[in-house]
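First comes the structure, then the notes that go with it.
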C-alpha cells in the first residue's frame, strides 16, 4: 500500500518538475528579484499601516494556529467539534455531493469538493476545505482533484447560491482558475440543505444576518477553494461580515485583477494569511493560463508568511511568490503535506515559548489587531 502512495507522489512530482522546467526554458518567469515586483506583497504591514516586527508576526501566527491545524484536520471525517472542542461548537462535513460539475465535457470526470462547515463558540463561521487527496483508498477523489487542478484556463467569476443562475458576475478583467470555480460551485449552486454552504451553516444555528465573521480555511486545492469562498462570502452570502482567509500550500487562484479585488474589496485588511512551508512546490503553480499561450498570468493574493527552510525556528516574510530552486521534488512534496506544515508551525512558535502560556482569542469584529 505504501508503495502505491509513493508512486502517486512521483507522478505528481514529475508533472510539477516538467511544468516548472517548461516555464523556465521559455523565460516565462523572471528572476526572484524581478518576480517580487510583479507579485508584490505587503505581508509586513499590519492593519494600521505599520511595519510588523518578527515578534508581532509570531503573535499573529500563534493567533491563527488553530485554523492552520484545522486545514490539516479537514482530511478526517471526524467532526471538527471533536478535533477542536475548545473553539468549535458544532460542525458538519459536506461530502459526496449529488450534483458535481462535469469536467472536459466528460460526465464521468467530475469535481469532488469536500468541506467542513463549522460554527465556532464565539459565533463566527469557518469553512474548512480539503485539498487533493493522495490515497489509494480514495482513488476516485485523487482523479477528480487532479482533474480540477489541471483545468488552468482563466475565466471571469460567477458565484452562485442555491440556484443554477449566477448571483454575482465579476468584471470581465477579474478572472480565476476554471477548475477551482467548477469545484466551488459544487457546494454553492446546489439548493440541498445538507450540501449548500449557507444552508448547512444555518442548520448549525448560524443566523445569516447575524454572522459577523467568516474564516475561510484550506490546504492545497482546499486553499484555492477557500480563496474563492472568501469572494463568495463577501459578494453573495455574508456581505456585511468580517472576512478572513487562512491558507497553507495554496496554488495561485486568479489573475492580477483577481488578487487586487481580493484585497481591496474581499478580505478585511490584515486578515489574509497565506502560509508557505520551506520548498513547497505547489504555491509556484499555476504560472499562466496555457490556453492563452501565456498571456493570462496568475498572481498570488497577499499575506505570504514563509516558514524558512534555512532557519527552521524562524519565519521570513517574502514579497510575492517563491521561485522554486533546483532540488529534490520529492522533498518539495513532503514540504507540501499538511503534517509538515503543522510541524513547521510548532517549531517556529517555539521561538517564543511564552506565547503558549497565553490564551489566543479572536478579536471582536471591527476592532483591528489580533489579540493574544
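Only the coordinates and a few stated rules stand behind these numbers; no lab work does. All of these numbers come straight from a predicted model, not from anything done at the bench. For neighbour counting, all protein chains shown are included, and Cβ atoms are generated from backbone atoms with ideal geometry for every residue, glycine included.
Structure notes:
- Distance between the pseudo-spin-label points of residue 122 and residue 86 (7 Å out from Cα toward the beta carbon): 1.4 nm.
- The slack in the chain from residue 98 to residue 351, taken as 0.36 nm per residue of separation less the alpha-carbon distance, amounts to 86.4 nm.
- Site pair residue 210 and residue 343 shows an inter-label distance of 4.4 nm when each label is modelled 7 Å from Cα along Cα→Cβ.
- In terms of other Cβ atoms within 10 Å, 113, 208 run from fewest to most in the order 208, 113.
- Ordering 175-181, 225-231 by mean Cβ neighbour count within 10 Å, with the highest value first, yields 225-231, 175-181.
- Length added when fully stretched, residue 260-residue 192, from 0.36 nm per residue minus Cα-Cα: 21.2 nm
- Spin-label pair residue 77-residue 202: with each label point 7 Å from Cα along the Cα-Cβ axis, the two points sit 2.8 nm from one another.
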